[in-house]
Amino acid sequence: MKKVRLASLLLMVGILAACGNTEEKAEQASASGDTLKVITTAGGYPFNATNPSTNEIEGFMIDIAKEATKRADMDMEIVTGEWNSLIPSLQSGKADVIVDGMYITDERKKEINFTDPVFGFGEGLIVQEGDKTTASLEDLKNKTIGVQMGTSFKDMLEEQSPELNLEVKTYQTLADLLKDIESKRIDAALADKPAFTYMKSQNPNMTYRIVDEYVPSLSGEIGLGVSKENTALVEKLNTSIAEMKEDGTLTSIYEKWGVEWEQP
């Protein structure tokens, strides 16, 4: 009887050890494997969007991710998801890296890890083309303003809405938001300033006004998002990012897409 129990115990120890080795190998593979699954909203240029001619996802954040993974000796496969699904996809293992205009915040750092910053920006305000007087949120008292769901801008607007009596309307994509301001369903919109500026430069006939005098209150930095468990991958990507900053690759990517950032 004792021999049977001993044999069973040894078998169980062996199984547990094998499971541990499997999990360790899986983590190592994710950090140094062949392909990383990258998730993005493809929500709009210049960050990331689907090219209607090629049906490929492109943008300056995509270029940064491609170069970083290439230098880390990995390939990347791109999948898309809605904004609110990005972090859960990382946590559930459906994706390895978030590549989007996601601010690095203390709240988000509780849920996922970020690489070193690769870009920084603030929010921009746009209004209907005929509105020549609005310069701040205070000028939009009692009006309707659009914002993307799940963003820091949405939280900020909801905090200020009682005082300014704003009606805050939420959208899944920037394209839907722009469509509503052009059709005058909303009075104004708040989103990433680089997105507004790029869209206007590429489509000069778009009927909205960028409020140049607007002073952003939520400037921040963005990095590539990685799961809490995969610290080895963060280190690999940070090494790539440091090299890209040093040799001017990041600056070249910014210039290609018409964006600017004073790298720290």
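No lab work stands behind these numbers, since they all come straight from the coordinates. All values reported here derive from a predicted model rather than from experimental measurement. Every residue, glycine as well, gets a Cβ built from its backbone with ideal geometry; the counts of neighbours run over all protein chains shown.
Structure summary
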{"quantity": "Cα-only radius of gyration and Dmax that characterise region 123-210, units Å", "calculated": "11.9, 36"}
{"quantity": "Amide H contacts of residue 43 (H built 1.01 Å from N, under 5 Å, at least 5 apart or other chain)", "calculated": "48"}
{"quantity": "DSSP H segments from the chain that extend 15 Å or more along their own axis, Cα-based, with Kyte-Doolittle mean of 0.0 or above", "calculated": "2-32"}
{"quantity": "Amide H contacts of residue 114 (H built 1.01 Å from N, under 5 Å, at least 5 apart or other chain)", "calculated": "226"}
{"quantity": "Where only alpha carbons of the chain are counted, the Rg and the Dmax (Å)", "calculated": "22.4, 90"}
{"quantity": "Entries of 66/228; 94/236; 110/200; 109/141; 94/256; 132/200 with Cα pairs more than 27 Å apart", "calculated": "110/200; 109/141; 94/256"}
{"quantity": "Calculated from backbone phi, Karplus (6.51, -1.76, 1.60) coupling profile of region 91-104 in Hz, x at Gly/Pro", "calculated": "5, 8, x, 6, 9, 9, 9, 8, 10, 7, x, 9, 4, 7"}
{"quantity": "Those aspartates and glutamates that a straight Cα-Cα span of less than 19 Å connects to residue 179, excepting residues fewer than 8 apart in one chain", "calculated": "82, 123, 129, 131, 167, 187, 192"}
{"quantity": "Cut-off under 5 Å, modelled amide H: who pairs with residue 148 long-range", "calculated": "171"}
{"quantity": "Charge-dipole axis of region 65-175 as Lys and Arg at +1 and Asp and Glu at -1 on Cβ define it, positive-most pick from 69, 102, 125", "calculated": "69"}
{"quantity": "Rg followed by Dmax, in Å, when region 157-246 is reduced to its Cα trace", "calculated": "18.1, 48"}
